[in-house]
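Input: a single structure, listed below in structure tokens.
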Amino acid sequence: MADVSVRAARGSDAVALARVQASAWRLDYRGTLPDDDLAALPESEFAQRWQQATDDPPSARYHVLAACAGPDVVGLATLTPADDPDRDPAIDAEVAALVVDPERRHQGHGSRLLAAAADHLRGDGFTAAVAWVDADADAVRSFLESAGWAPDGAHRSLDLRGDGTVVVKQLRLHTDLREDTP
């Protein structure tokens with residue numbers, strides 16, 4: 001049996017988390033972001049942000065999870081109270097990131113991350129969760145829908161450069177975190 005797990009990310013994981021993020025973005029945003037932007041992703045800045053997020057999270061209900069294959073970090077998830085105006089941050093959470101290294105996809109890491117995320121969120125008292133996904137990210141949407149998530153009708157456009165030249169359209173999915181009771 002393979003040595004795979006999901007655990008709370010640590011500051012010492014920051015460089016690995018940044019590598020996973022950059023690797024995934026280079027694949028997932030190919031055709032959306034210019035090639036030069038993808039080649040120049042600031043992994044050192046990503047690592048600094050992951051260091052801060054793990055060492056000094058913005059709240060007790062903010063979590064960074066790391067998916068591991070042996071000692072290697074191969075995926076990540078960030079969990080936070082939802083901040084959309086139509087959601088209640090006391091009971092609604094957001095899976096703000098769910099990323100698996102492209103070379104490690106389709107090995108169960110995403111499923112383990114999603115299950116661990118749900119467990120953490122339930123433990124923090126959340127009863128529902130949302131996740132924003134790119135409108136053309138069919139594989140991500142299909143993955144989440146197969147795990148019981150569904151679109152809730154919310155949409156948004158992110159202007160990544162602030163000048164209208166790179167706009168990503170997203171839709172929001174949601175799930176009920178309450179466990180069924182007999």
Residue within the range 83-91 that is under 17 Å from the mean Cα position of the chain (by Cα) and crowded, with 21+ Cβ neighbours inside 10 Å present: no
Members of the range 6-29 that are of a type in the set (Lys, Arg) and part of a helix (DSSP H, G or I): 19, 26
Residue 25 being at pLDDT 95 or above and under 22 Å from residue 112 (Cα atoms): no
Residue identified as surrounded by fewer than 17 Cβ atoms within 10 Å (Cβ to Cβ) and touching a residue at least 40 places away in the same chain (Cβ under 8 Å) among 44, 23, 5, 59: 5
Per-region count, the range 95-109, residues among the basic types (Lys, Arg) and either within 10 Å of residue 20 (Cβ to Cβ) or in a strand (DSSP E or B) (or both): 1
Condition check for residue 70: of a type in the set (Gly, Ala, Ser) and surrounded by fewer than 13 Cβ atoms within 10 Å (Cβ to Cβ): yes
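The values are calculated or read from the model by the stated rules, or taken from the named source; none is laboratory data. Please read these numbers as outputs of a predicted model, since none were measured by experiment. Positions of Cβ are generated from backbone atoms using ideal geometry, with glycine treated the same way; all protein chains shown enter the neighbour counts.
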